1. Suppose the filter is of a type in the set (V, I, T) and either outside the structural domain of B:S205 (by TED's automatic domain parsing) or in contact with a Lys or Arg (Cβ under 6 Å, 6 or more places away or on another chain) (or both); does B:V21 pass it?
2. When both residues are 6+ apart or on different chains and their Cβ atoms are under 7 Å apart, which pairs have a first residue that lies in segment B:74-90 and is at the interface with chain A (Cβ under 7 Å from one of its Cβ atoms) and farther than 15 Å from A:L348 by Cα, and a second that is of a type in the set (G, A, S) and buried (at least 21 other Cβ atoms within 10 Å of the Cβ)?
3. With (1) closer than 27 Å to B:Q196 by Cβ; (2) surrounded by 12 or more Cβ atoms within 10 Å (Cβ to Cβ); (3) not polar (S, T, N, Q) as the list, and B:E268 as the residue in question, which single condition is left unmet?
4. Given the structure, is B:N68 within 18 Å of A:I164 (Cα to Cα), away from chain A (no Cβ under 12 Å) and at pLDDT below 90?
5. So which of A:K314, A:K352 is within 14 Å of another protein chain (Cβ to nearest Cβ) and modelled with pLDDT under 85?
6. Count, please, the residues in segment A:274-294 that happen to be under 27 Å from A:L138 (Cβ atoms) and of a type in the set (G, A, S).
7. Please find, among B:L74, B:L97, B:L91, B:L81, the residue that is over 22 Å from A:W157 (Cα atoms) and among the hydrophobic types (A, V, I, L, M, F, W, C).
8. Restricting to segment B:71-80, give me the number of residues that are surrounded by fewer than 18 Cβ atoms within 10 Å (Cβ to Cβ) and either at pLDDT 85 or above or of a type in the set (K, R) (or both).
Amino acid sequence: MIAHLLTLIEGEWFKLRRRWLPWILLAVMVLVSQAFLWGFYAVYHMTEGEGTNTFLSDYQYTGGTATIQVTCSDLLDGRLRERIHPLSKEERLIVEGEISEWGPKECSDYASEPEKFFMFVLPTSIVGNIYLVFLTGLPFILIMILSASLLGSEYGWGTLRIVISRGLGRWQLISAKLVLCVLVASGWLVVMVLLNIVSSILAGIIPPDEGVSLIVIPEGDTWASVLSAFGKFIGKVLYGTVPYICLGAFFVVLTQSTAQGISLSVITYVAEAMVVPPLLAISEKLERINEGLLSSNVREWISLGDSEAAVALKGAETPDILQAFLVILAYSLVMLVALMWLFQRRDLSGPKGE
Amino acid sequence: MDEFVIQTDRLTKRYKNVVAVDDLSMEIRRGRVYGLLGPNGSGKTTTMGLLLGLQAPTSGTFSLFGYNHGHRDLLRRVGALVENSSFYPYLSGYQNLRYFQMISGRGSEGELESLVDRVGLAGRGHDLFRTYSYGMKQRLGIALSLLGDPDLVFLDEPTNGLDPEGMIEVRELIKSLGDGSRTVLLSSHLLHEVEQVCDSVTIISKGRLIAQGEVSQLIATAGSEQIRIKTTDNSKALQLLSTPGWIEDVSMDDDSLLITAPIERSAELTAALANAEVYVAEMVPIRKSLEEYFLEVTGRGNEGLQ
């Protein structure tokens, strides 16, 4: 059975690699990832080496003894105490209270890890930018487009009839396509990592970067811990794509159309990740529902860790990592079972047009 | 040994209010070319779809090679061209066949070259499928149905879109496929094609089995055949031939007589006339064609269903 599945995956790859679609989607991912890397590079140089803080927002407090200013960068770097030191004890308490409200609101989630300060310096640049790309949600949309197209095109061209009439087995065919999507996503990640390495080296050797080290291990980290974190991150990201792959495929089987499948998947994603959470924030009770949403759990699942700064910046209630794992698993299984059940039962008709 | 490659038992497929296949029970023996005939919408393609596992029957059962359906590996012994030839437009004809060969896990690249040649696509095999004419697409579909040397081949309107020369080539190809142990189930609306190519036919109308058997037998049992004769005295012959019980009908038709009677009794006919000093100058047996038979039985079938 495994051999049969591998043969089917090989066949799917034989077809897919000859299409433009996966290469176009890869190009989009690479462009966005590179835009982050070179964006941080540009900001670093524009701020004359003060750091890679992209946050313009700052907090100012005028006390009896001094006036202090706190930036997101200070907050994320753990320099808050140093900044508020000139204030009196009472004033420091007031500032800390106000900062706990100001921080989550003003400092973007993008900057929740110390690695962001090394966005164009190896080794953190390897996955740091990829993490930011995933936080935008774009890769999930692209992977849904891929999975929807992989199956939907077969409906459009009418080739599903021929494939099934060759005795391949329906669930085996779907499984091969879904596994191929995960493999393609892995391939995208590999390409992005390699290009990030190349770009980081370029960023280190081209002017005006003389004197900037090509490799900077974050304080407290070792090569082993950094590489282990990368490995874990790549694995978590791939796991996080699985429910979206199933979602794209499910809507295609439901509608038997690539266009409708992609549209419904993207609408569902946008609604679930961008529209529903703000609505749920209206009341504390509703906010708990946020913990069950796929997007919140995926975001939590792929997060790089719980540094002090990240914890400080966490605003709304977010699910913990085990819950995130289970929720992603549940979404994946439910959609997988639904799409297999539907695909197994549906009659296959002729071409529906692309 | 499984004598029947296809057996259906009260096979039914219903779509809401439409019954596409209705209680269809048929048997197809190994090693012949079978024609599946029926008017448009009679359920031919649905029947093929059911047998190929593309659609699920509403009720009834069928078996392939003596095994009940649902056995996925059975379809590995089947090749099919159903309705239109649908392939991946961004792949060449050769790559399309290579893909299907890859996932079937059978055959060699050498087989592909010979298949492409066999169906008349030599020289165009490496062109993209989207650049093919309708006839070329059909040829590629036929090549696919033969990929892996299947024991049973379904061909749904295989000569659609082919030029006359192509039609002749494909008919010859189909005939040759039926030699030996391979079975071909050919669905076609071109009745003369079926008559030329097929050994046996199954006729369905409105999803129901109307007739099944060898082409020659079906025509023979379709009713009495006719004999046209010219005699030295047609009026006297008309009188004489109105008497024997084995002659169903006799009538004047211009300068000849049209007699409805079994052709094998022609000798008795001439003897009877000669005894009465009426001599036959010309005698032509008029055999029914499959087309006439088809129109007759499907018309009857339709009436029966109404």
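The values are calculated or read from the model by the stated rules, or taken from the named source; none is laboratory data. Since we're looking at a predicted model, the values are computed, not measured. When we count neighbours, we look across all protein chains shown, and the Cβ atoms used for this are built from the backbone with ideal geometry, even at glycine.
1. Details: of a type in the set (V, I, T): yes; either outside the structural domain of B:S205 (by TED's automatic domain parsing) or in contact with a Lys or Arg (Cβ under 6 Å, 6 or more places away or on another chain) (or both): yes.
For B:V21, the condition - of a type in the set (V, I, T) and either outside the structural domain of B:S205 (by TED's automatic domain parsing) or in contact with a Lys or Arg (Cβ under 6 Å, 6 or more places away or on another chain) (or both) - is met.
2. B:L75/A:S165; B:L75/B:G53
3. Among (1) closer than 27 Å to B:Q196 by Cβ; (2) surrounded by 12 or more Cβ atoms within 10 Å (Cβ to Cβ); (3) not polar (S, T, N, Q), the lone unmet condition for B:E268 is (1).
4. On the way: within 18 Å of A:I164 (Cα to Cα): yes; away from chain A (no Cβ under 12 Å): yes; at pLDDT below 90: yes.
Considered against the rule, which asks whether it is within 18 Å of A:I164 (Cα to Cα), away from chain A (no Cβ under 12 Å) and at pLDDT below 90, B:N68 comes out as yes.
5. Details: A:K314 fails: within 14 Å of another protein chain (Cβ to nearest Cβ).
None of the other options fit; the residue is A:K352.
6. Within segment A:274-294, the subset under 27 Å from A:L138 (Cβ atoms) is A:274-281, A:287, A:289-294.
Retained after the next criterion (residues that are of a type in the set (G, A, S)): A:281, A:292.
Summing the residues that are under 27 Å from A:L138 (Cβ atoms) and of a type in the set (G, A, S) in segment A:274-294 gives 2.
7. Values: B:L97 fails: over 22 Å from A:W157 (Cα atoms); B:L91 fails: over 22 Å from A:W157 (Cα atoms); B:L81 fails: over 22 Å from A:W157 (Cα atoms).
Being over 22 Å from A:W157 (Cα atoms) and among the hydrophobic types (A, V, I, L, M, F, W, C) holds for just one of B:L74, B:L97, B:L91, B:L81, which is B:L74.
8. Step one: of segment B:71-80, the residues surrounded by fewer than 18 Cβ atoms within 10 Å (Cβ to Cβ) are B:71-73, B:76-77.
Then keep just the ones that are either at pLDDT 85 or above or of a type in the set (K, R) (or both); that gives B:72, B:76-77.
Residues in segment B:71-80 being surrounded by fewer than 18 Cβ atoms within 10 Å (Cβ to Cβ) and either at pLDDT 85 or above or of a type in the set (K, R) (or both): 3 in total.
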